[in-house]
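Worksheet: one structure, shown below.
Nothing in this text is a laboratory measurement; each read-out follows from the coordinates by a stated rule. Everything numeric here is computed off the predicted structure, so don't read it as measured data. Cβ atoms come from the backbone with ideal geometry, glycine included; neighbour counts cover every protein chain shown.
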């Protein structure tokens, strides 16, 4: 295999020298005179590279002995075969450049100092071969046996790698790898810059998307900071401070509703920096004076009436309305406040029942129906009862396993309609879009 390598290298080098000689002869036949042209400078640089390659090939031939064959030279042969094919293309390219050189010089005022960029784009194969064998020998150019030549445009080009393409996990588009970010989830998913930026903007408006995450793994802000404008960065950081606060205080002036920070539930006034309105930290209503009685504000009374009419409950931490969906009365709000759905007391501080039996059976029937296992009514009823008992123990699905479900439908998390397909959770059987599955659930 070593003899084959050496023969291939000699062939490639001979082809390049023939190309160089042909191009020089074509230039001489045109009888140009005067200052040294860009092409002549490029030829000189190209000839220097070929001479260096000759010395490199000779060194390699001496270093490799016949009784110690290289076992991993399969990729080398493939690389050299590719170089041979590219040599023919370079010959055609050189002829084309030579024919059009007079036109390019007529419209250019560049001096011969720009010639290295010309040579590096016209003769890429020599630089690729030189870089390849430098890697093979495990030495840099500065430590090679043929001296320490000055940096060459060929070597600079050899170290540049083509930019590949990746598929965005969210939108499915194929984008350049340098226009995407890799998130620190278990599968190191790629997000295009647009989807990564959009996720952080949405997370500053929708608390269910905070913190921005993929498959449960939090995406650090520093990963996408450069994609956001200064205003977007500031808005996200303000909301991050608000969303990580458990017991929050908001301005009691409804048109303002500015976040005022955490509350200690002590009876004192907190002034809003936006509208100068004062809010009682204890009852979260408008300030009523130190000796005034704490009472719910008008907005809180309206929310309570709405909750009674539709069977909702108000979170005691942030006063957001929540709805029971499964059957367990243990509620965890987006603000991370845990409370009882029946009486709104802090969880485990009351004697209310833990389950709504009717809703528990309904949730079990829904899961069995969506599983579509079939069978006689008695078998289905037994399956429903087993799911009921499973929900008593583990009613909060972690949504870790999903299956593809073709056809359009509405996402049960964000309520958007998707025309092509949805994902079905193998645990709770809910249907969700890709964005909710990755970033919300």
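For segment 338-441, count all C-alpha to C-alpha pairs, find those more than 20 Å apart, and express that count as a whole percent of the total. Tail of P(r) above 20 Å: 52 percent of Cα pairs.
The modelled label-to-label distance between residue 426 and residue 22, using points 7 Å beyond Cα along the C-beta direction, is 6.0 nm. Per-residue extension of 0.36 nm, minus the Cα-Cα distance of residue 202 and residue 305, leaves a gain of 34.0 nm for this segment. Semi-axes of the equivalent ellipsoid of segment 398-441 are 15, 11, 8 Å, computed as sqrt(5λ) over the eigenvalues of the C-alpha gyration tensor in descending order. Estimate the FRET efficiency between residue 348 and residue 185 by the formula 1/(1 + (r/R0)^6), using the beta-carbon distance for r and 51 Å for R0, to the nearest 0.05. Between residue 348 and residue 185 the formula returns 0.95.
Segment 249-295 has equivalent-ellipsoid semi-axes of 16, 11, 8 Å, by the square roots of 5 times the alpha carbon gyration tensor eigenvalues, sorted largest first. In plain terms, the chain from residue 232 to residue 393 could stretch by 53.7 nm, reckoned as 0.36 nm per residue minus the Cα-Cα distance.
Counting other C-beta atoms within 10 Å, which of 417, 341, 312 has the fewest, and how do the rest follow?
417, 312, 341
Taking a ≥ b ≥ c as the square roots of the eigenvalues of the Cα gyration tensor, segment 205-344 is oblate, since a/c reaches 1.5 or more and a/b is not larger than b/c. Let me have the relative contact order for segment 398-441, percent, based on Cα pairs under 8 Å that are six or more residues apart. Value for segment 398-441: 38 percent.
At 0.36 nm per residue, and after removing the present C-alpha to C-alpha distance, how many nm does the segment from residue 241 to residue 294 gain when stretched out fully?
Length gained, residue 241 through residue 294: 16.4 nm.
D by Stokes-Einstein for segment 365-421, Kirkwood Rh over Cα pairs, 10 °C, 1.306 mPa s: 117 µm²/s.
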